[in-house]
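Structure first, then comments.
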Amino acid sequence: MKEVGMTTAIFPGTFDPATNGHLDLIQRSARIFDKVVVAIFDNPSKQQMFSLEERRGLLQQITEELGNTEIVSFQRQLLVTLAKTHQAAVIVRGVRSVADFEYEAQMTSMNRYMDDAIETVYLTPRVEYSFVASSLVKEVASLGADVSALVPPVVFEALHKKLQSSNG
Ligand SMILES: Nc1ncnc2c1ncn2[C@@H]1O[C@H](COP(=O)(O)OP(=O)(O)OP(=O)(O)O)[C@@H](O)[C@H]1O
Ligand SMILES: [Mg+2]
């Protein structure tokens, strides 16, 4: 029998900004695993709407009440290496569509090639969040759409502040 112990999962993403889809996955993961490390990918070559610190702050606020999550960030590092650093045996990824799955399956195989001991688990969100992506939320919100049902209230507020300041 397998030794009983703590299982930590790592959930990587850009979270620019976090949506209800992300939160839904974090909540599900927090119920399944003992600890969930939410890892923000800090990609300096990609233009983000929210800075790393802003993304971290928003994630911190929306996950606070769960009690078994930790927010970290990473830059130019293999996910499997980061997972090991945090003693995470599982990578959590969200699958919204077949298109997501095709990409994720390839990533899973590459990660497995690098480290066979780390397992990737795919979770699906509630149907009402199955079309939600940060990029699409930003795009429609910038054109005036009401995205209040798609992002947590603190994110909604932050998004509006950003859009107001960028509209001059
Ligand atoms: N609505 C959602 N339902 C389920 N999983 C999601 C959802 N949105 C994002 N995810 C998952 O969260 C992880 C991080 O994704 P990512 O940071 O790329 O978010 P995103 O919403 O897809 O943003 P972008 O539009 O910038 O790609 C991925 O595994 C992704 O599949
Ligand atoms: Mg994405």
- Query: If one computes the Cα centroid of the stretch 72-101 and of the stretch 35-50, what distance in Å separates the two points?
  - Reply: 12 Å
- Query: Taking neighbour Cβ counts within 10 Å as the exposure measure, how do Tyr122, Tyr129 sort from fewest upward?
  - Reply: Tyr122, Tyr129
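Considering the convex hull of the alpha carbon atoms of the chain, report its projected area averaged over all viewing directions, in nm², one decimal.
On the way: hull surface 42.5 nm².
If I average the Cα hull's projected area over directions, I get 10.6 nm².
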- How do Leu136, Leu143 line up, fewest other C-beta atoms within 10 Å first? Leu143, Leu136
- For the chain, compute the number of Lys pairs whose alpha carbons are separated by less than 29 Å, excluding pairs fewer than 8 positions apart on the same chain. 9
- Please report the relative contact order for the chain, taking Cα pairs under 8 Å with a sequence separation of at least 6, and give it as a percent rounded to a whole number. 29 percent
- Between Ser109 and Ser130, the two model label points (7 Å from Cα along the beta-carbon direction) sit apart by a distance in nm of 2.6 nm
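What do you get when you divide the Cα radius of gyration of the stretch 36-115 by 2.2 N^0.38 Å, with N the number of residues?
Dividing the Cα Rg of the stretch 36-115 by 2.2 N^0.38 Å gives 1.19.
Using Cβ counts within 10 Å as a stand-in for footprinting exposure, how do Ile71, Ile32 rank, fewest first?
Numbers: Ile71 17, Ile32 13.
Ordered from fewest to most neighbouring Cβ atoms within 10 Å, Ile71, Ile32 come out as Ile32, Ile71.
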- Message: Please report Rg (one decimal) and Dmax (integer) in Å for the Cα set of the stretch 102-168.
- Response: 17.1, 50
- Note on the structure: Over the chain, the sum of -39500 (n - 2.57) across DSSP H runs of at least four, divided by residue number and rounded to 500 deg cm²/dmol, gives at 222 nm -13500 deg cm²/dmol
- Would you give the gap between the C-alpha center of the stretch 1-27 and the C-alpha center of the stretch 106-124, rounded to a whole Å? 14 Å
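Every number here is computed from the coordinates shown, using simple stated rules; none is lab data. As the structure is a prediction and not an experimental result, all values here were calculated from the model. In this analysis, Cβ positions are derived from the backbone assuming ideal geometry, glycine residues included, and neighbour counts consider all displayed protein chains.
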